[in-house]
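The block underneath contains the structure these notes are about, expressed in structure tokens.
The values are calculated or read from the model by the stated rules, or taken from the named source; none is laboratory data. The structure displayed is predicted, hence computed values, not measured ones. Counting neighbours? That spans all protein chains shown, and the Cβs are built from the backbone with ideal geometry, glycine included.
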Amino acid sequence: MTKVLLLSKNHTIEPNLENILQRVNAEFYCSSSLFYQAKEHIQVIQYFSLVIICDTISNVELTQYIKGIKDCGIPLFRMGNKSQIGATEFAWLDNDIDYWIEPGDSDSEIIDKIARASFYKKQTVQPAKEEGFSGQNYSNFINRLSKRELQLLVYLYEANGDTVAREILCQKMWQKKMSHAGFSNLSAIAKRLKLKMLAAGIDTEGMGSSWGQGYFLQAPFLQFLKNNDFDKYLTIISQTVETQCEVTTQTEN
């Protein structure tokens, strides 16, 4: 699956671009902080197949931070008008930009560029060393999880590799009927969970998603959790949920 990092000051993705990413079944994450802190989070950025710098980020800012992003070694896209920039003092930026997404580009042209960039990443990335999960990985990972991230992980763990529907996850986590806001929150939590897996040195492929359906855990990651006595968190989360239900009932009464 193609993983796209969108660097933007506005977390509302341009509708046409969002539609294109969904059509190619791409997983995408939007951030502003990673643009300014690329040097400190190279490993996180390298998780993605490609980076798209949106037009909400100015060329002035791009001149200051583009080197840090390029050093991550993945294809770099820029939204904007290439010819207009070529006539300014920022023309040199084109040397560091691999692909342009211009206003006149058709959907098929953008899809083709994304496909070529994804193929480039697969061909040039260094093979990862085969190493198992370690206890240190586990500690670094678990200790950084928020309550919601831990909840999501527990519910997926309970499913033992089966896909858990988004509707069910929303009901479990918020004790409410599904809603658009709930789906958005769930998606954000899942993305943060994957980023924390990466930061702890854990393969993010351990957690999978079925587009528009739900999430699941892969067998190797499930076994890793079992080997580290993750079952104890089932009781903790169950007690938390029971407390939430009691509070909700008292409020309704």
request  = Just need a number here: residues in region 70-98 that are under 27 Å from the mean Cα position of the chain (by Cα) and either closer than 20 Å to Tyr47 by Cβ or of a type in the set (Gly, Ala, Ser) (or both).
outcome  = 10
ask   = Within region 101-120, is even one residue under 20 Å from Ile42 (Cα atoms), assigned by TED's automatic domain parsing to the domain that holds Phe28 and modelled with pLDDT of 90 or more?
value = no
query = Which one of the conditions (1) under 20 Å from the mean Cα position of the chain (by Cα); (2) without any contact (Cβ under 8 Å) to a residue 24 or more places away in the chain; (3) under 28 Å from Gln213 (Cα atoms) does Asp112 fail to meet, given that it meets all the rest?
reply = (1)
Failed criterion for Tyr155 (all others in (1) under 14 Å from Tyr233 (Cβ atoms); (2) crowded, with 16+ Cβ neighbours inside 10 Å; (3) modelled with pLDDT under 90 hold) = (3)
key: Index of the failed condition, Lys177 passing every other in (1) closer than 24 Å to Gln46 by Cβ; (2) modelled with pLDDT under 80   = (1)
note = Out of (1) farther than 30 Å from Ile20 by Cβ; (2) modelled with pLDDT under 90; (3) touching a helix residue (DSSP H, G or I) at 6+ places or on another chain (Cβ under 6 Å); (4) not polar (S, T, N, Q), the one Met197 does not meet is (1)
message = Taking the conditions exactly as written (of a type outside the set (Gly, Ala, Ser), modelled with pLDDT of 90 or more and either out of contact with any strand residue (DSSP E or B) (no Cβ under 6 Å at 6 or more places or on another chain) or under 19 Å from Glu61 (Cα atoms) (or both)), does Ile85 satisfy them or not?
response = no
inquiry  = For a quick check of your reading: which strands (runs of 3 or more DSSP E) sit entirely within region 1-59 and have at least 2 residues that are in contact (Cβ under 8 Å) with a residue 60 or more places away in the chain and under 22 Å from Gly214 (Cα atoms)?
reply    = 27-31
remark   = Note on region 38-78: residues under 19 Å from Glu102 (Cα atoms) and touching a Ser or Thr at 6+ places or on another chain (Cβ under 9 Å) are Leu50, Ile52, Ile53, Cys54, Asp55, Thr56, Ile57, Asn59, Pro75
query = So Asp55 fits all but one of (1) in contact with a helix residue (DSSP H, G or I) (Cβ under 9 Å, 6 or more places away or on another chain); (2) surrounded by 15 or more Cβ atoms within 10 Å (Cβ to Cβ); what number is the exception?
reply = (1)
message = So in region 67-109, with the set limited to residues that are touching a residue at least 24 places away in the same chain (Cβ under 8 Å) and among the aromatic types (Phe, Trp, Tyr), which one is surrounded by the most Cβ atoms within 10 Å (Cβ to Cβ)?
response = Phe77
task = Go through Leu50, Leu7, Leu34 for me and flag whichever is hydrophobic (A, V, I, L, M, F, W, C), touching a Pro at 6+ places or on another chain (Cβ under 7 Å), modelled with pLDDT of 90 or more and surrounded by 16 or more Cβ atoms within 10 Å (Cβ to Cβ).
result = Leu50
